[in-house]
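Read the structure below first, then the notes.
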Amino acid sequence: MSVLDRFLRYVTVDTRSDEQSTACPSTPGQLVLMQMLEQELRALGLDDVVLDEHGYLMATVPASAGVEAPVIGFIAHVDTSPEMSGTDVRPLVHAAYDGRDLVLPDDPSVVLRERDIPALRQQHGHDIVTASGLTLLGADDKAGVAEIVTAAEYLLQHPGGPHGPIRLGFTPDEEIGRGADRFDVARFGAICAYTLDGGSRGELEYESFSADAMTLTFGGFNTHPGYAKGQMINAIRVAARFLDRLPTAGMSPETTSGYEGFVHPYQLDASVDRTRVKVLIRDFVTAELTVKEALVERIARDVVNEYPGASVDIRIDESYRNMREVLEHHPQVIERARAAMRQAGIEPIENPIRGGTDGSRLSFMGLPTPNLFAGEHNFHSRREWVSVQDMEKAVEVIVNVARNWAGTDRK
Ligand SMILES: [Zn+2]
């Protein structure tokens, strides 16, 4: 079966994840797709096909005869973003794209135009898949799922190109930040893995932010406002002064790019008595998080000192760390991916991710895991799209990576 046929089948299953749910997977639809995949992998003849009690699906492509090579893995997530409907996805294939506007029929106000979407300019002659206007498409990350399954089928059917044992892992709930939570690294049993969850052809990502979350709770004193003179301490005003003093230029998401970090207040829970501000701290250098946190703390304490009787309580939680700190000790993991792309005629594009991936967490759990392109674009949106030819290239790259780890450079 082609990667496109697989993809078109997977996107019709509603696998939107749900932050409010405490179950794992967070939604039953994810399990429906996992069970479909489980059957498909068995039918293809993969070994050790196991769907565990948390909804993680793993399987093995056995090594080709007589090949001794380390076990490596490929990983994709089955859930789609809670931010956009994934119900009744109707995928459309726009054949031989030539720069025309792609109007999505179920809501003709949703149009993909080349001038708005620079990445479309590289797609002339390709077949573009979109949803129909009312939902996301789910290329994030069902493109990755379809590519991994198709590569596994190819490896099984072409045992002549030697490769070692290849592990496949399909995870739930990546979009709500839980994809790595119950991933059993020991059971996966690979020395490294690659997530297939990136964008444009050639993307190879092995640097992510290091991230902490800061919670500052300002305490005030509430009284009846009619009789408050000399009594009331308004925590909302204290927090407002604090927010006003936080530097923005070169220090906020809206003024930074590339390798710059930021301090980002993103949630406010306000009352006179107690106002809580949540702040994201991001930097590519983990040690710089402490510098930013010290700055935030100093501003908060200075402001509180201006309001006698006010207080502030500060909590810092670690979110994730830059996977480069792990991956730089495993240069071969990156090198073999670069080689695999060049063998497929693709020049690798290596940019830092201004966010985190499941790979960031998995890398620190003992499974070095960079991210490879899957062809996804405009994810979490009704304008989401993927190119069929990019998906086919991703399949080729997976096959090349698998063979490179067996020490054979394919022409
Ligand atoms: Zn994704």
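The values are calculated or read from the model by the stated rules, or taken from the named source; none is laboratory data. None of the values given here were measured: they were computed from a predicted structure. So basically every Cβ, Gly included, is an ideal-geometry build from the backbone, and we count neighbours across all protein chains shown. To get the accessible areas, we keep the full protein, side chains included, count just its heavy atoms, and leave off ligands, DNA and RNA. Shrake-Rupley method; radii C 1.70, N 1.55, O 1.52, S 1.80 Å.
Annotation: amide H of Asn322 within the under-5 Å range of Ser210, Ala211, sequence separation 5 or more or interchain, hydrogens built in the peptide plane. Around the amide H of Gly375, modelled in the peptide plane, lie the amide H atoms of Gly198, Gly199, all under 5 Å away and 5 or more residues distant in sequence or on another chain. With only Cα atoms counted, the range 231-326 has Rg and Dmax values of 14.7, 54 Å. Helix 139-157 axis versus longest C-alpha principal axis of the chain: approximately 30°, rounded to the nearest ten. Whole-Hz Karplus values for the range 233-250 come out as 10, 8, 4, 5, 5, 5, 5, 5, 4, 4, 4, 5, 8, 4, x, 10, 4, x Hz, taken residue by residue from phi with 6.51 cos²θ - 1.76 cosθ + 1.60 and θ = phi - 60°; glycine and proline positions read x. Once the whole set of protein chains is in place, how much accessible area is left on Glu83, using a 1.4 Å probe, in Å² to the nearest 10? Approximately 130 Å² for this residue. The long axis of helix 286-305 is offset from the longest Cα principal axis of the chain by roughly 20 degrees. A simple spin-label model places pseudo-atoms 7 Å from Cα toward Cβ; at Asn222 and Glu335 they are separated by 6.3 nm. Once backbone amide H atoms are built at 1.01 Å from N, Phe221 has Ile233, Asn234, Ala235 as its partners under 5 Å, excluding neighbours fewer than 5 places away on the same chain.
Rounded to the nearest 0.05, the FRET efficiency derived from the C-beta distance between Val93 and Leu44 at R0 = 25 Å is 0.55. At 7 Å along the Cα-to-beta-carbon direction for both Ile191 and Ser252, put a label point, then send me their distance in nm to one decimal. About 4.8 nm, to one decimal. For Thr215 and Arg9, the FRET efficiency from 1/(1 + (r/R0)^6), where r spans their Cβ atoms and R0 equals 56 Å, is about 0.85.
Couplings 3J(HN,Hα) for the range 271-282, derived from phi with the Karplus relation 6.51 cos²θ - 1.76 cosθ + 1.60 (θ = phi - 60°), are 8, 4, 6, 7, 10, 10, 10, 9, 10, 8, 10, 9 Hz, where x marks Gly and Pro. Here the sum of -39500 (n - 2.57) over DSSP H runs of 4 or more residues, divided by the residues of the chain, equals -9000 deg cm²/dmol at 222 nm, to the nearest 500. For the residues Cys24, Cys192, a 1.4 Å probe over the protein chains yields an accessible-area ranking, largest first, of Cys24, Cys192. A simple rule links phi to the HN-Hα coupling: the Karplus curve 6.51 cos²θ - 1.76 cosθ + 1.60 with θ = phi - 60°, which for the range 259-266 gives 8, 7, x, 7, 10, 9, x, 10 Hz, with x for Gly and Pro.
Compared with the dominant principal axis of the Cα atoms in the chain, helix 331-343 is inclined by about 50°. Rg and Dmax, both from the Cα atoms of the range 303-372 and both in Å, are 19.9, 67.
Extents of the chain, taken as max minus min of Cα coordinates on every principal axis and listed largest first, are 84, 50, 39 Å. Of Thr80, Thr135, Thr248, which is the most mobile in a GNM of the chain whose springs link Cα atoms less than 10 angstrom apart? Between Thr80, Thr135, Thr248, it is Thr248 that shows the largest mean-square fluctuation.
Assuming charge only on the beta carbon of Lys and Arg (+1) and of Asp and Glu (-1), the dipole of the chain about its Cα centre is about 640 debye to the nearest 20. Cross-link partners for Lys292 among the aspartates and glutamates, with Cα-Cα distance under 19 Å and sequence neighbours closer than 8 places in the same chain left out: Asp212, Asp244, Glu254, Glu260, Asp283, Asp302, Asp313, Asp317, Glu318.
Residues His377, His224, ordered by accessible area of protein heavy atoms at a 1.4 angstrom probe radius and largest first, appear as His224, His377. Answer with one residue from Leu155, Phe188, Ile128: the one whose Cα lies farthest towards the positive end of the charge dipole of the range 100-252, charges on Cβ with Lys, Arg +1 and Asp, Glu -1. Farthest along the dipole direction, towards plus: Phe188.
With all protein chains in place and a 1.4 Å probe, the accessible surface of the range 147-226 carries 52 percent carbon and sulfur.
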